[in-house]
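Structure first, commentary second.
The values are calculated or read from the model by the stated rules, or taken from the named source; none is laboratory data. Since the model is a prediction, treat every value here as computed from it, not as a measurement. Neighbour counts run over all protein chains shown; Cβ positions are idealised from the backbone, glycine included.
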Amino acid sequence: MCMEDFLNKKNKIAVIGVSNNHEKWGYKVYKTLKSSGFDVYAVNPKYTKIDSDRCFPDLRSIPEKLDEVITIVPPKVTENIVRLCKELGIKKVWMQPGSESEDAVRYCKENGIDVMYNACFVVDGLEETI
């Protein structure tokens, strides 16, 4: 699976680890997707809003069926998230640099979850493809 397969505007995407700090990658990834027309949901239990957008405390609280999750959290948190993705039927996980772990990647591969890691579309300039 290539990066472009993860950047399908038909996908409902949750960004886990969104921040209100405009300098943090969680904010940059979320806002790049949102401003590019993606159906994207902010997830972080610390916030109720990101700018004027609703921020959900966890994946279960999102009222839509999600297609994809992007993680911008510590690796140990990602390991828990991928297990929840399997439970919720989420078929794609993109682990942004620093959020991946060997265990999380292996879990995805062993459980039929398409996984992308070691790539950030903001840093790698992929925002031009969306």
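Only strands (runs of 3 or more DSSP E) whose full extent lies in region 29-85 are considered here, and the ones with at least 2 residues that are touching a Leu at 6+ places or on another chain (Cβ under 9 Å) are 39-43, 68-71. Residues of region 1-18 that are modelled with pLDDT under 95 and assigned to a loop (DSSP other than H, G, I, E, B): Met1, Cys2, Leu7, Asn8, Lys9, Lys10, Asn11. The condition (being in contact (Cβ under 8 Å) with a residue 60 or more places away in the chain and either surrounded by fewer than 18 Cβ atoms within 10 Å (Cβ to Cβ) or of a type outside the set (Phe, Trp, Tyr) (or both)) is satisfied by just one residue among Lys92, Lys34, Lys76: Lys92. The residue that is nearest to Trp94 (Cα to Cα), counting only those in region 37-59 that are touching a residue at least 40 places away in the same chain (Cβ under 8 Å) and crowded, with 19+ Cβ neighbours inside 10 Å, is Phe38. Of the residues making up region 99-120, those that are surrounded by 17 or more Cβ atoms within 10 Å (Cβ to Cβ) and outside any helix (DSSP H, G or I) number 8. Residues that are over 15 Å from Asp39 (Cβ atoms), surrounded by 13 or more Cβ atoms within 10 Å (Cβ to Cβ) and not polar (S, T, N, Q) within region 60-73 comprise Ile72, Val73, listed in sequence order.
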